[in-house]
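> Input: one structure, supplied below.
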Amino acid sequence: MDTSKGLEQGFDELEAYIQALHEKQGALITVLHKAQTIFGYLPKDVQLFISEKLKLPVSKVYGVVQFYSFFTMIPKGKHRIAVCMGTACYVKGAEKVLEQFKKLLGIHEGETTVDGQFSLEALRCVGACGLAPVVVIDEQVYGKVSPKKVADMLSKHQQGGDET
Ligand code: FES
């Protein structure tokens, strides 16, 4: 995977962002947010970089990343699958749909397949309850999803989304 160039550019961008901050000590969460926007996730190297630049112990940076669920240390897949687990979707069987994704992809929610193709997450209501159960893959919303449809949805994104 050719991430090295991306990482380098990302570090430059992050450094510039940190340099521009007035108050560095209290900016950890803001900086982590920015870093996650740049890199998509917060690997160890990025956390080390932040701890150096903000002059904070790396354990503190790590602690904050662990504490907040919106920070992740796992890279996102090329295709992001989000299964809505809000009440309406749950009642209509979203759990079985999620199970089927887990089974076919061989991962749990919050994880990414080894080939980097898919990451899986469970979300709260995405605001399309009338279509429950709802799955969002990348920008596309699927309604009334049954476990039977899962394999088709995956192959569609595998074939159709590779050109980028
Ligand atoms: S509960 Fe799933 S869209 Fe609202």
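The values are calculated or read from the model by the stated rules, or taken from the named source; none is laboratory data. The structure displayed is predicted, hence computed values, not measured ones. Every residue, glycine as well, gets a Cβ built from its backbone with ideal geometry; the counts of neighbours run over all protein chains shown. Remember, those area values only see protein heavy atoms, side chains included, never the ligands or the DNA or RNA. Shrake-Rupley method; radii C 1.70, N 1.55, O 1.52, S 1.80 Å.
> How many residues are crowded, with 19+ Cβ neighbours inside 10 Å and not basic (Lys, Arg) if we restrict to region 92-105?
The qualifying residues number 6.
> Given the conditions (1) over 19 Å from the mean Cα position of the chain (by Cα); (2) within 21 Å of ILE137 (Cβ to Cβ); (3) at pLDDT below 95; (4) of a type in the set (Lys, Arg), which single one is not true for LYS96?
Failed condition: (3).
> I'm trying to understand the selection: among the residues of region 133-157, which are under 15 Å from SER119 (Cβ atoms) and in contact with a Gly (Cβ under 8 Å, 6 or more places away or on another chain)?
The answer is ASP138, and nothing else.
> Right, next: Return yes when ALA122 is within 8 Å of the ligand (Cβ to nearest atom) and under 28 Å from HIS33 (Cβ atoms) and no when it is not.
no
> Separate question: Collect the residues in region 106-140 that are over 26 Å from TYR68 (Cα atoms), at pLDDT 95 or above and open to solvent by 30 Å² or more (accessible area, probe 1.4 Å), keeping them in residue-number order.
If the condition is that a residue be over 26 Å from TYR68 (Cα atoms), at pLDDT 95 or above and open to solvent by 30 Å² or more (accessible area, probe 1.4 Å), then CYS129, GLY130, LEU131 are the ones that fit.
> Within region 64-103, count every residue that is part of a helix (DSSP H, G or I), more than 16 Å from the ligand (Cβ to nearest atom) and either closer than 15 Å to VAL46 by Cβ or in contact with a Cys (Cβ under 6 Å, 6 or more places away or on another chain) (or both). Can you show your working first?
Of the residues in region 64-103, the ones part of a helix (DSSP H, G or I) are 64-67, 87-91, 94-103.
Subset that is more than 16 Å from the ligand (Cβ to nearest atom): 64-67, 99-100, 102-103.
Adding the requirement that they be either closer than 15 Å to VAL46 by Cβ or in contact with a Cys (Cβ under 6 Å, 6 or more places away or on another chain) (or both) leaves 64-66.
The number of residues fulfilling the criteria is 3.
> Exactly one of these conditions fails for LYS44: (1) within 26 Å of GLN117 (Cβ to Cβ); (2) of a type in the set (Lys, Arg); (3) more than 19 Å from the chain's Cα centre (by Cα). Give me its number.
In the conditions (1) within 26 Å of GLN117 (Cβ to Cβ); (2) of a type in the set (Lys, Arg); (3) more than 19 Å from the chain's Cα centre (by Cα), LYS44 misses (3) alone.
> Let me spell it out: the conditions are (1) modelled with pLDDT of 90 or more; (2) over 13 Å from the mean Cα position of the chain (by Cα); (3) part of a helix (DSSP H, G or I), and LEU56 meets all of them except one. Which number is the exception?
Every listed condition holds for LEU56 apart from (3).
> Can you find, within region 104-117, the residue that is nearest to the ligand (Cβ to nearest atom) among those that are among the charged types (D, E, K, R) and touching a residue at least 12 places away in the same chain (Cβ under 8 Å)? Give the steps one after another, and end with the answer.
Within region 104-117, the first condition is being among the charged types (D, E, K, R), and the residues that meet it are 109, 111, 115.
Retained after the next criterion (residues that are touching a residue at least 12 places away in the same chain (Cβ under 8 Å)): 109, 111.
Details: GLU109: 15, GLU111: 21 Å.
That would be GLU109.
> Across region 141-152, what is the total count of residues that are surrounded by 16 or more Cβ atoms within 10 Å (Cβ to Cβ) and more than 14 Å from the ligand (Cβ to nearest atom)?
Residues that pass the stated criteria total 2.
> Restricting to region 104-124, name every residue that is part of a strand (DSSP E or B), closer than 18 Å to LYS156 by Cα and either in contact with a helix residue (DSSP H, G or I) (Cβ under 7 Å, 6 or more places away or on another chain) or among the charged types (D, E, K, R) (or both).
Answer for region 104-124, where residues must be part of a strand (DSSP E or B), closer than 18 Å to LYS156 by Cα and either in contact with a helix residue (DSSP H, G or I) (Cβ under 7 Å, 6 or more places away or on another chain) or among the charged types (D, E, K, R) (or both): PHE118, LEU120.
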